[in-house]
Amino acid sequence: MDFTFTEEQQAAAEAARAVFSGVAPDAVPSPALVPGAVADDIDRPLWARLAGGDLLSLTLAPEHGGAGLDPIALCLVLRESAKVLARVPLLETCAVATAVDRYGDRGLAAELLPRVGRGELVLTVGANGRTGHEPAELAVTARPDGARGNGESGGTGSGTGTEDGEAGWVLDGVQSGVPWAGVSDLIAVPAHTDDGRAVVALVRRGREGVTVAEQVSTNGELLGEVRLDAVRVTGRELIDAPDAWEWLRALLTTGTCALALGLGEAVLAMTSAYTGKREQFGFPVATFQAVAVQAADRYIDLRAMEVTLWQAAWRISAGGAGELPTAADVAVAKIWASDGVRRVVQTAQHLHGGFGADTDYPLHRFHAWAKQIELSLGPAAAHEEALGDLLAAHPVD
């Protein structure tokens, strides 16, 4: 395999490193020291710098002010963001915007996407369903506006329509654990229709019938429970392409793997620096075989996380047929990301000794973020089950 990045992809990574170079992982209160969220908003100055560096529009088409790059470039930027625990919805905003560009109504894309690139809009997505243990699209129903309440269809989009006369849809249900839901302008909500199709609705947070209840994540950041009670959206605000939600979910999952890789690399570098200067019996502990072997094992984890990440990102970018669907590569990447990042931070805690739990030292923050990333969009066990189902359905020689 040749994982050489293009000049454009390398330039995106370099631009990201420059933007994130001044970000301090401990710029907000420690999640170990506050009972609720560590802050009530995203890092707005950083968000503005990302927009100024054209990093919010990397994957958007040039007609919308974007660079037209692929998900690999986005993953390179996400990798850098995780090294400093950047408190911005970079993955969610870029993934939803890219899905709108790829599958959405052309008029809506022209209206929204230039504003996304300028940092004027924050987007997020509900990908956890009601409990986090079910397909997210099953937690919300989408029926044509005017359909009867008993679930009978009433048409394929015809009905009373929306206030501007355009045929629309009505959404009911709950999405839990939605990142930054309380400060996002637009929430992408997966839903299912009466005939079992998965669709994605773009819902403005302030729309009638939308209620956002505050939740707090493992790393102390704000999540939201988004409740939809007869929420109406226009036809152009609903993406009903057959594979739109599957593609968006794959991109979100692969982006989460990029976050895990960047965080793990930062933690291993932190551990290397600490064990290289911490002495026992007159020698740096890094020279002890037991320490070196554990660090080497974690390095191997990171390399496995990296190769499976780029394989998944490449499959999403290139499309095309393979022996297994793209979902299989995404599942393999998430299995390695979830298990690998957990092992990296656990080893780091062990090799740091008491410093690992010191709230004046940043490692405990990385541990909390790692746990959040490990479980986001499904732990390793869930993806192992999904991979098993794919292998059973697509036998390979």
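Can you find, within the stretch 118-131, the residue that is modelled with the highest pLDDT among those that are out of contact with any strand residue (DSSP E or B) (no Cβ under 6 Å at 6 or more places or on another chain), open to solvent by less than 60 Å² (accessible area, probe 1.4 Å) and not aliphatic (A, V, I, L, M)?
Of everything passing the filter in the stretch 118-131, 119 is modelled with the highest pLDDT.
Within the stretch 181-196, which residues are among the hydroxyl-bearing types (Ser, Thr, Tyr) and within 21 Å of the chain's Cα centre (by Cα)?
184 - this is the single residue of the stretch 181-196 that is among the hydroxyl-bearing types (Ser, Thr, Tyr) and within 21 Å of the chain's Cα centre (by Cα).
Working only within the stretch 245-255, note down all residues that are open to solvent by less than 10 Å² (accessible area, probe 1.4 Å) and either within 10 Å of the chain's Cα centre (by Cα) or within 18 Å of residue 72 (Cα to Cα) (or both).
Matches in the stretch 245-255: 248, 251, 252, 253, 254, 255.
Specify which of the listed residues (141, 162, 211) is hydroxyl-bearing (Ser, Thr, Tyr), touching a Lys or Arg at 6+ places or on another chain (Cβ under 9 Å) and at pLDDT 95 or above.
Within the list 141, 162, 211, the selection yields 211.
Taking the condition surrounded by fewer than 19 Cβ atoms within 10 Å (Cβ to Cβ) and modelled with pLDDT of 95 or more, does residue 290 pass?
It is false that residue 290 is surrounded by fewer than 19 Cβ atoms within 10 Å (Cβ to Cβ) and modelled with pLDDT of 95 or more.
Looking at the stretch 363-385 only, could you name the residues that are surrounded by fewer than 18 Cβ atoms within 10 Å (Cβ to Cβ) and small (Gly, Ala, Ser)?
Hits for the stretch 363-385 are 381, 382.
Do we have any residue at all in the stretch 348-362 that's more than 16 Å from residue 253 (Cα to Cα), surrounded by 20 or more Cβ atoms within 10 Å (Cβ to Cβ), in contact (Cβ under 8 Å) with a residue 12 or more places away in the chain and not small (Gly, Ala, Ser)?
yes
What tally of residues in the stretch 218-268 results from selecting those that are among the small types (Gly, Ala, Ser) and farther than 30 Å from residue 314 by Cα?
4
All but one of (1) open to solvent by less than 60 Å² (accessible area, probe 1.4 Å); (2) modelled with pLDDT under 95; (3) touching a strand residue (DSSP E or B) at 6+ places or on another chain (Cβ under 8 Å) hold for residue 277; state the number of the condition that does not hold.
(1)
For residue 35, work out the one condition from (1) modelled with pLDDT of 95 or more; (2) open to solvent by 30 Å² or more (accessible area, probe 1.4 Å); (3) under 23 Å from residue 375 (Cβ atoms) it doesn't fulfil.
Condition (1) is where residue 35 drops out.
Please specify each residue of the stretch 66-90 satisfying the condition of being outside any loop (DSSP other than H, G, I, E, B) and within 13 Å of the chain's Cα centre (by Cα).
71, 74, 75, 77, 78, 79, 81, 82, 90
Just give me the residues in the stretch 14-28 being surrounded by fewer than 17 Cβ atoms within 10 Å (Cβ to Cβ), assigned to a helix (DSSP H, G or I) and out of contact with any Gly (no Cβ under 8 Å at 6 or more places or on another chain), in sequence order.
Those that are surrounded by fewer than 17 Cβ atoms within 10 Å (Cβ to Cβ), assigned to a helix (DSSP H, G or I) and out of contact with any Gly (no Cβ under 8 Å at 6 or more places or on another chain): 14, 17.
State whether one or more residues within the stretch 233-241 are buried (at least 18 other Cβ atoms within 10 Å of the Cβ), among the polar types (S, T, N, Q) and at pLDDT 95 or above.
yes
Given the structure, is residue 267 open to solvent by 10 Å² or more (accessible area, probe 1.4 Å) and among the aliphatic types (A, V, I, L, M)?
no
Residues checked against (1) over 25 Å from residue 326 (Cα atoms); (2) surrounded by 21 or more Cβ atoms within 10 Å (Cβ to Cβ); (3) modelled with pLDDT of 95 or more:
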residue	(1), (2), (3)
41	yes, no, yes
49	yes, no, yes
58	no, yes, yes
67	no, no, yes
71	no, yes, yes
82	no, yes, yes
89	no, yes, yes
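Can residue 213 be described as more than 23 Å from residue 74 (Cβ to Cβ) and assigned to a helix (DSSP H, G or I)?
When the stated conditions are applied, residue 213 does not pass them.
Quick one: residue 157 ticks every box in (1) in contact with a helix residue (DSSP H, G or I) (Cβ under 7 Å, 6 or more places away or on another chain); (2) modelled with pLDDT of 95 or more bar one, so which box is it?
(2)
Among 230, 147, which is the only one that is outside any helix (DSSP H, G or I) and modelled with pLDDT of 95 or more?
Only one candidate qualifies: 230.
The values are calculated or read from the model by the stated rules, or taken from the named source; none is laboratory data. Since the structure is predicted, the reported quantities are computational estimates derived from the model, not experimental observations. Cβ atoms come from the backbone with ideal geometry, glycine included; neighbour counts cover every protein chain shown. Calculation scope for accessible area: heavy atoms of the full protein, side chains included, ligands and nucleic acids excluded. Shrake-Rupley method; radii C 1.70, N 1.55, O 1.52, S 1.80 Å.
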